[in-house]
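Remarks on the structure that follows.
The values are calculated or read from the model by the stated rules, or taken from the named source; none is laboratory data. Everything numeric in this text was worked out from a predicted model, so none of it was measured. Glycine gets a Cβ as well: all are built from the backbone with ideal geometry, and neighbour counts include every protein chain shown.
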Amino acid sequence: MDFRFSEEQDFFRSTVRDAVDRLIRPRAQEIDEVDEFPKELWKEFAALGYLGLRHPEEYGGMEADVMTSMIFYEELARGSCGFAMAVTMQILMGTYFIGRFGSDEIKARILGPAIKGEKIGTICFTEDQSGSDLAGTKTRAVAKDGGWVLNGRKMWITLGPICDFCTVLATTDPDQGMAGLSFFLVEKGTAGFSHGQVIKKLGSRGSVTGELIFDNVFVPEENLLGEGPGGGVKYTTEILNEVRVMTALNACAIANEAMLDARQYALQRIAFGKPIASRQLIRSKFADHWAWYEAARLYTYQAAWMIEQGLPCQHECMLAKMFATEMCQKAVDEASRIYGGNSFASEYAQQRFFRDARFLLFGGGCHEVLRNALGAAFLRKGSS
Ligand SMILES: Cc1cc2nc3c(=O)[nH]c(=O)nc-3n(C[C@H](O)[C@H](O)[C@H](O)COP(=O)(O)OP(=O)(O)OC[C@H]3O[C@@H](n4cnc5c(N)ncnc54)[C@H](O)[C@@H]3O)c2cc1C
């Protein structure tokens with residue numbers, strides 16, 4: 001076993017880190033406070049080419065492999081969780097089905113501009129009454145005149161309020177449950193497609209979240225992304241594997257940022273005549289974090305490696321997401337305790353880490369749902 005990254009991957013990490021340190025970190029507090037989509041930063045970041053991380057060079061992409069893209073997601077989350085959410089939505093979920101199933105014409109019209117940051121995309125699974133339970137999807141697609149008519153509402157959509165296009169999960173046959181679900185491309189300007197309420201959020205601010213409404217929206221047949229009605233949903237697991245590992249690395253990054261920031265504070269803050277860093281109870285928080293963080297990061301990169309090798313790894317990706325995200329909750333909690341009362345002050349980043357970390361518990365699957373699936377899988381498992 002060789003746990004080292006390649007020289008190219010190390011170089012890539014340092015390049016991304018430099019961009020994040022230069023462009024994003026100095027603006028992180030402002031992004032959180034203003035809670036608007038940071039258009040200027042988006043343009044500057046898009047110019048670096050990262051929005052095409054996973055897409056073919058033909059459309060202006062970088063065609064990075066899974067491990068390289070995971071390095072990117074980890075470094076990105078060191079900057080601003082909200083901005084990272086916006087960028088990863090555009091790179092991964094927001095353009096995945098178009099890159100995979102879109103016609104050449106759709107890709108030229110949408111993917112190229114999306115990679116340049118000129119068009120913004122998102123994915124719509126969640127509805128008011130169905131989040132974890134996708135089989136409960138009510139948005140309906142009915143075949144008509146060589147295309148599909150969509151009706152429904154989607155809730156909690158990242159970049160929803162500003163999106164130019166979206167991939168929408170809808171049922172073509174409600175009696176079929178999961179097997180009746182398909183993905184459809186809908187573009188801004190299509191009759192009947194509109195933006196609903198904007199949701200004010202606890203954390204991950206700047207990624208702007210809201211509701212999308214589909215009222216008799218007609219899309220042509222080629223906008224059905226996937227293999228025929230009901231076919232597209234089997235790729236959801238595949239993309240969710242990557243999303244879960246990405247979320248786990250976001251969690252590792254936020255956890256470590258919070259603890260590194262708390263370390264600075266602990267070394268400088270004097271209580272009872274000494275820096276608080278000299279106290280055993282404070283030191284033990286750093287020791288615990290170090291152990292859990294390294295374990296979470298190592299396991300997460302192993303899951304990423306399994307995706308890259310094409311190995312079955314649905315459970316490993318779930319485990320990584322669950323473990324790393326819970327490690328992160330613990331880290332932001334302990335880091336804020338080290339800050340004492342100052343953890344409540346908006347001038348310090350600690351309160352932002354604390355709020356941002358909460359989103360990671362839901363994105364890529366709520367932990368109760370993951371635990372259900374993992375517990376059942378463990379019961380079926382053999383002796384290994
Ligand atoms: C900031 C943010 C951005 C988001 N962006 C997007 C986006 O871009 N696109 C999108 O489609 N969605 C998005 N979502 C929605 C997100 O995917 C859902 O919140 C998530 O899937 C959970 O669904 P829910 O909120 O409806 O919770 P529910 O499914 O209603 O779950 C509520 C609680 O019940 C538990 N629960 C549910 N089922 C079970 C079960 N079988 N056993 C045990 N416990 C269970 C859950 O674990 C949870 O604790 C976003 C959410 C947030 C907060």
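Annotations
- Subset of segment 188-198 [over 23 Å from the mean Cα position of the chain (by Cα) and either within 14 Å of the ligand (Cβ to nearest atom) or not in a loop (DSSP other than H, G, I, E, B) (or both)]: 193, 194
- Test: residue in segment 101-109 that is in a helix (DSSP H, G or I), in contact with a Ser or Thr (Cβ under 6 Å, 6 or more places away or on another chain) and modelled with pLDDT under 95: no
- The residues of segment 355-384 include none that are of a type in the set (Lys, Arg), within 9 Å of the ligand (Cβ to nearest atom) and without any contact (Cβ under 8 Å) to a residue 12 or more places away in the chain.
- Residue 79 fulfils the conditions (1) within 13 Å of the ligand (Cβ to nearest atom); (2) crowded, with 21+ Cβ neighbours inside 10 Å except for a single criterion, (1).
- Among (1) within 16 Å of the ligand (Cβ to nearest atom); (2) out of contact with any strand residue (DSSP E or B) (no Cβ under 8 Å at 6 or more places or on another chain), the one test that residue 113 misses: (1)
- Of all residues in segment 57-76 being among the aliphatic types (A, V, I, L, M) and part of a helix (DSSP H, G or I), the one that is surrounded by the most Cβ atoms within 10 Å (Cβ to Cβ): 76
- One residue stands out in segment 125-143 among those that are within 9 Å of the ligand (Cβ to nearest atom) and touching a residue at least 12 places away in the same chain (Cβ under 8 Å): the one that is surrounded by the fewest Cβ atoms within 10 Å (Cβ to Cβ), namely 128.
- For segment 199-225, the set of residues classified as in contact (Cβ under 8 Å) with a residue 60 or more places away in the chain and within 9 Å of the ligand (Cβ to nearest atom) consists of 201, 202, 203, 204, 207, listed by residue number.
- Test result for residue 169, within 16 Å of the ligand (Cβ to nearest atom), hydrophobic (A, V, I, L, M, F, W, C) and outside the structural domain of residue 214 (by TED's automatic domain parsing): no
- Any chance residue 78 is basic (Lys, Arg) and more than 14 Å from the chain's Cα centre (by Cα): no
- Meets criteria (modelled with pLDDT of 95 or more, among the basic types (Lys, Arg) and away from the ligand (no atom under 12 Å from the Cβ)) for residue 352: yes
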